[in-house]
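Novice: This is the structure I have questions about; it appears just below.
The values are calculated or read from the model by the stated rules, or taken from the named source; none is laboratory data. Being a predicted model, the structure only gives us computed values, none of them experimental. Note that we place each Cβ from the backbone using ideal geometry, even for glycine, and neighbour counts take in every protein chain shown. Just so you know, the surface numbers come from the protein's heavy atoms only, side chains and all, with ligands and any DNA or RNA stripped out. Shrake-Rupley method; radii C 1.70, N 1.55, O 1.52, S 1.80 Å.
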Amino acid sequence: MRLKHKMLAWVAVSVISIGSMNTFASHIAMIGEETAILTKQNGQKATLKLGDKVKVLLDENFHQSSTATIDMDGTYGYIEKKDIQMQQIQTKVLTDNVYVRKEPSTVAEVVVQLNKDERLIAYHKYTDWYFVETISGKTGYIYASHINEENLYLLQRKDIHIFNTKAAQALAGQAVKGDFYTGERLNKDPEAAENIAVIAEKLAVLITKNQDEVLLKAGDRIKMILDEDFHQNTLAQVDMNGTYGYIDKKDIQMQQIQTRILTDGAFLRKSPAPNGEVVKKLDKDEVVTAYYKYVDWYFVEREDGQQGFIYKSQINESKLYLLKRKSNMNELNIFLGKGAPVEVVTWSEASKILPRGGNAVIEDVYTGKSFNIKRTFGSNHADIETLTKADTEIMKQIWGGFTWERRPVIVHVAGRRLAASVAGMPHAGKDSAPNLAYVGGRSAGYGYGINLDAVKGNGMDGHFDLHFRGSRRHADGRIRATVDSVHQAAIDIAAKYK
C-alpha cells in the first residue's frame, strides 16, 4: 500500500516502526483487518494495513469504548478495537518464588525463578498457562494464578501445543470419507446444532481418509468433535453427518459450544449483571448452547430458543475458553437492545435502570452516532460523563462542539432502549482537579464550588445532563427545580424513533 500523504509517512515512523520503542514496556496490538483508520487528536487520519503494529494504552476506559487509544511517542490517536488483535501485554508477578517453565506443566524444566512485582510480557494463553518473556529475554510458561490477569483475556488463546506434523498426518489417515455440511445446510440440520466452528481464513482444506481434499471458504460452518485429543493436536476432528474428517485448527473459530448447567436454580438473565431481568430459572444438567463470553458472563441459548446471560460459576466452562470474548460495552448494549421497543420511562424508574456508577450508550436520534457514558451524579436528573476522549470527540461531532442544545437520544442500557434528552454542555467541573474537591474556575462559568468531575482524562471538564420523563432541572439561585419543557419535547421525539 502506497503512502498518499505526509501524515501517513509520519504515522509509519511513530506507530508502525516500533522497533525503536521500548517494546518490553508496551502493550502491542496488530492490525487484524486489511485496512484500518487511525484518527489523531487533531482529526487527521491515516490508513494502516494488515500486520502493522501499534502501541495501545490499556487504561480503565479501554473496556467501555469501541475505540482504543494509541500512543504515538507521547501523542495520541484512536483506532476501532474491532480492527486490532492484542499481541503482547505487560503484567506483573503476584508472589515470590514463581517458576517460568519450558513447557506448560508443573513438572516441566524450570527456565527461571521470579519474585513478586517482576515485570513480564505475556503473549498468549494455553489452557491455564501463559507464554511469557522476562525483562532479561528468557521465555517460557507461567501458571495463571501467579500473574496479574486483569487485561490478559485480550490476548489470543492457543489450543495447539504439540506441533507434531507426523501425528497430524496420522490423524488425517484415520478419517472416513463422508458428506460434508457447510453453510445453510448445517443451519437446517437439527442434529448439527452442537459444537459449531466457522472457517476464519479465506480458504481451508478438509482432509478425508482417502486423502481427498474438500475446499472450504471463509464463513462456512462445520460441526466439531471436542474430545480429549482436541487440545493436543494441530488438526481438529469434524463430524460430517456421522463420519469424520480433519481440518487445521488455525483455520477455524469456534462459534458455539454445547454445555450443561451445574446447579439448580441458576438464573438466565437478559443482561450480564446480577440485577439483570430474569428470563428463566434453569435446572441442573440442563443443556444450553454458549456463544461467547462477556467479562464473567456467557451468552447462551436454551433448547426452546430462549437466550440470555448466565454467570460463569453456574455453567461447565471446561471447553468454553475456545469461544470468542466480547469487551465492547457499546456494541453489547446495542446488540442486547436490538428489536426492543423504545420505552418512555419516568425519572424514578430510569434512575434504577441507570444507577449512579452505571454505564450506558447514548445514541443520537438525528445522526445515529453513539458514544459511551457513565452516570456519576444527579438526583433530579442524571449527571453523566463520557468515558474516553474518543467518546467526547463523537459527542462534539453531534453537537458541533459543547452547547446547551437539547437533543433527542436513545439510551441503550441493560438490554433496553429508553427515550431521553441530553444537553451537550459539560459544566460545574474541572478535569485537572480531584473529584468532589472545592475548586475555582469550574466549567461553563460555574466558578468556585464542589468539583463534579469523576471521570478523568476524557477531554471534558465536568458533567452534562441526561433527562427522562418528569425529571427536573437543578435548583439554581432563584430558579426552582422544575421540569424542563424543551427536554420533555425532545423525549417525545425520541419516543417515535424506529
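Novice: Can you pull out the residues in segment 115-124 that are open to solvent by less than 30 Å² (accessible area, probe 1.4 Å) and in contact (Cβ under 8 Å) with a residue 40 or more places away in the chain?
Specialist: Once the filter is applied, which keeps residues that are open to solvent by less than 30 Å² (accessible area, probe 1.4 Å) and in contact (Cβ under 8 Å) with a residue 40 or more places away in the chain, segment 115-124 yields only 121.
Novice: Among the residues of segment 364-387, is there at least one that is out of contact with any Pro (no Cβ under 7 Å at 6 or more places or on another chain), in a loop (DSSP other than H, G, I, E, B) and among the basic types (Lys, Arg)?
Specialist: yes
Novice: Within segment 270-280, is even one residue of a type in the set (Val, Ile, Thr), assigned to a strand (DSSP E or B) and closer than 20 Å to residue 325 by Cβ?
Specialist: no
Novice: Identify, by number, the condition in (1) at pLDDT below 95; (2) under 19 Å from residue 349 (Cα atoms) that residue 383 doesn't meet.
Specialist: Result: residue 383 fails condition (1) only.
Novice: For residues that are among the basic types (Lys, Arg) and either in a helix (DSSP H, G or I) or closer than 16 Å to residue 429 by Cα (or both), tally how many sit in segment 345-363.
Specialist: Qualifying residue count for the region: 1.
Novice: Can you tell me which of 51, 140, 43 is under 24 Å from residue 322 (Cα atoms), small (Gly, Ala, Ser) and over 21 Å from the mean Cα position of the chain (by Cα)?
Specialist: Only one candidate passes the filter, namely 140.
Novice: How many residues does segment 447-476 contain that are out of contact with any strand residue (DSSP E or B) (no Cβ under 6 Å at 6 or more places or on another chain), surrounded by fewer than 19 Cβ atoms within 10 Å (Cβ to Cβ) and not in a strand (DSSP E or B)?
Specialist: 6
Novice: Do you know which of the residues in segment 188-211 that are exposed (fewer than 12 other Cβ atoms within 10 Å of the Cβ) and of a type outside the set (A, V, I, L, M) is modelled with the highest pLDDT?
Specialist: In this case the residue turns out to be 202.
Novice: Residue 138 - would you say it is closer than 29 Å to residue 54 by Cβ and touching a residue at least 60 places away in the same chain (Cβ under 8 Å)?
Specialist: Spelling it out, it is not the case that residue 138 is closer than 29 Å to residue 54 by Cβ and touching a residue at least 60 places away in the same chain (Cβ under 8 Å).
Novice: Follow-up question, since we're still on this one. Can we say residue 75 is open to solvent by 50 Å² or more (accessible area, probe 1.4 Å), modelled with pLDDT under 80, of a type in the set (Ser, Thr, Tyr) and more than 21 Å from residue 233 (Cα to Cα)?
Specialist: So residue 75 passes the test.
Novice: If residue 409 passes every condition in (1) open to solvent by less than 30 Å² (accessible area, probe 1.4 Å); (2) of a type in the set (Val, Ile, Thr); (3) without any contact (Cβ under 8 Å) to a residue 24 or more places away in the chain but one, which one does it miss?
Specialist: (3)
Novice: Shifting gears a bit: Among 288, 278, 345, which is the only one that is under 30 Å from residue 409 (Cβ atoms), open to solvent by less than 20 Å² (accessible area, probe 1.4 Å), at pLDDT 85 or above and not acidic (Asp, Glu)?
Specialist: Result: 345 is the single residue among 288, 278, 345 that is under 30 Å from residue 409 (Cβ atoms), open to solvent by less than 20 Å² (accessible area, probe 1.4 Å), at pLDDT 85 or above and not acidic (Asp, Glu).
Novice: Another question, if that's okay. Of all residues being open to solvent by 50 Å² or more (accessible area, probe 1.4 Å) and in a strand (DSSP E or B) in segment 417-444, which is farthest from residue 350 (Cα to Cα)? Just the residue, please.
Specialist: Going through the qualifying residues, I end up with 441.
Novice: A follow-up question, please. Give segment 132-170 a look and list any residue that's at pLDDT 80 or above and of a type in the set (Ser, Thr, Tyr), or say none.
Specialist: 134, 136, 139, 141, 143, 145 - these are the residues of segment 132-170 that are at pLDDT 80 or above and of a type in the set (Ser, Thr, Tyr).
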